[in-house]
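Working notes, beginning with the structure itself.
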Amino acid sequence: MSFILKSEDEYEDLLGLWSDLEAGLGIVLSHPHSVQQFATRIEQYDRWMQNLIQYDTDVALYLLFQLASHSPVGYSASHALVCAVLCHLLAQEIELPQTERDSLVHAALTMNLAMTGLQDQLANQRGRLTPEQEAAVRAHEARSAELLRTLGITDALWLQTVQQHHQETSLSDDVMRLAAPQRLVHMLNVVDRYAAMISPRQSREGRSATESAKSLVATTSAQHNQVGQALLRVVGLFPPGTYVQLDNATVGVVMRRRSEAKRPDVAIVLNEKGQLMRPPSLHSSVAGNPAIAAALPASRVQEHLNHHLILQLGAQAV
C-alpha cells in the first residue's frame with residue numbers, strides 16, 4: 001500500500017507518530033516496574049507499530065533507517081523499534097504463524113530490557129567496556145528474561161527467544177524445519193546484528209545497510225544465510241532512507257524499493273560537486289544511468305534534507 005504525503009504537516013504528523021512511539025517505548029523499557037500491565041502495554045505498542053507500517057512500508061522504512069543511522073541518542077529504544085519492524089516484515093515474508101510472529105516481535109521489543117540504560121550509555125561511550133559493563137552485557141539475556149517473568153510475562157516462546165537471542169545452533173540448514181524457539185532465536189539474532197551494524201556509536205560510524213546485509217548473507221551459517229536472504233528481500237539491498245553514490249558522482253537517498261533489489265527509486269540530493277540539490281531530483285535506477293555505484297553510511301551526508309519533499313517524489317514514482 002502506498003500513499004501521498006500531501007503536505008509538510010502530514011509528514012510532520014507521521015514523523016511525530018513514529019517519534020511518539022519510540023519515546024513511549026523508551027519510557028517503558030527504562031522504567032518497566034512503573035508500567036501497569038506490562039504485557040498489555042507491549043502489545044499496544046506492537047499494534048501501534050503495525051498501524052504505522054500499513055500506511056506505507058517504504059515510508060516506514062525510510063523514517064526508521066533515518067532514525068537508526070543518524071544519532072546514538074536513545075539508542076536502546078530506537079534499536080528495539082527497528083528490530084521489531086524488521087521482525088514483523090520478516091515474519092510476513094516467511095509466513096510465520098501469527099503466534100510465532102507475536103512472540104518474535106515482542107521479544108525484539110524487550111530483548112535488552114535488563115540493560116536499557118547501559119545500552120544507551122555504551123552507544124555514547126568512546127572507550128572500551130569496563131569489566132563490570134562486560135559482565136552486565138554477558139548476563140543481559142538471562143536477566144532480561146527473568147525481569148519479564150517478574151513483570152507477568154508468561155509466553156514461553158517470547159521468554160525463551162529473549163533468553164537465547166545471542167545464541168546460535170546448527171541443527172538444520174532449513175530454518176523452517178527448526179523447532180519454533182530455535183527458529184525465532186535465529187531470526188532475532190540476524191535482525192539484531194543487522195540493526196546494530198547500521199547504527200552509529202561514538203566509537204565508530206554506522207555501516208551502510210548494504211554492507212551490513214552483505215556481511216549477513218556471506219556468513220558460513222546456512223541458517224543465517226537463509227534468514228539474511230529473506231531480510232534482504234524485505235528491505236532491499238539499498239533500503240529506503242539509506243544513501244547511495246551514483247556513477248556520475250552524485251549522491252542520492254533511496255525512496256522506494258523495487259522488485260529488482262539493486263535498482264530502487266532514488267532522490268538525487270547532492271550534485272557531482274557535493275552541493276545540495278534544490279529541489280532533489282527523482283531518478284528510477286530501473287531506467288538505467290546513472291547507476292548506483294556504492295552504498296554510503298549516513299555520516300557521509302551532513303546537509304539538512306527536505307524529507308517531506310523527498311517522500312513526495314517517492315510517491316510520484318509509484
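A few points about this structure:
- Qualifying residue in the range 58-77 (condition: of a type in the set (Val, Ile, Thr), assigned by TED's automatic domain parsing to the domain that holds ASP120, in a helix (DSSP H, G or I) and without any contact (Cβ under 8 Å) to a residue 24 or more places away in the chain): no
- Matching residues in the range 256-279 - criterion: being modelled with pLDDT of 90 or more and under 15 Å from ASN306 (Cα atoms): VAL266, ALA267, ILE268, VAL269, LEU270, GLN275, LEU276, MET277
- Some residue of the range 14-26 being surrounded by 15 or more Cβ atoms within 10 Å (Cβ to Cβ), within 21 Å of THR161 (Cα to Cα) and either of a type in the set (D, E, K, R) or touching a residue at least 40 places away in the same chain (Cβ under 8 Å) (or both): yes
- Residue ID - nearest to ASN189 (Cα to Cα), chosen from residues in the range 219-241 that are at pLDDT below 70 and of a type outside the set (A, V, I, L, M, F, W, C): HIS224
- Flag if LEU29 is touching a helix residue (DSSP H, G or I) at 6+ places or on another chain (Cβ under 6 Å) and surrounded by 13 or more Cβ atoms within 10 Å (Cβ to Cβ): yes
- The residue that is farthest from THR242 (Cα to Cα), among those in the range 78-128 that are part of a loop (DSSP other than H, G, I, E, B) and modelled with pLDDT of 90 or more, is PRO97.
- Residue satisfying condition, being at pLDDT 90 or above, farther than 16 Å from ALA291 by Cα, out of contact with any Lys or Arg (no Cβ under 9 Å at 6 or more places or on another chain) and of a type outside the set (Ser, Thr, Tyr), within set LEU184, LEU246: LEU184
- Among the residues of the range 98-120, those identified as touching a helix residue (DSSP H, G or I) at 6+ places or on another chain (Cβ under 8 Å) and either β-branched (Val, Ile, Thr) or without any contact (Cβ under 8 Å) to a residue 24 or more places away in the chain (or both) are THR99, ARG101, VAL105, THR110, THR116, LEU118.
The values are calculated or read from the model by the stated rules, or taken from the named source; none is laboratory data. Remember, it's a predicted structure, so these values are computed and weren't measured experimentally. Neighbour counts run over all protein chains shown; Cβ positions are idealised from the backbone, glycine included.
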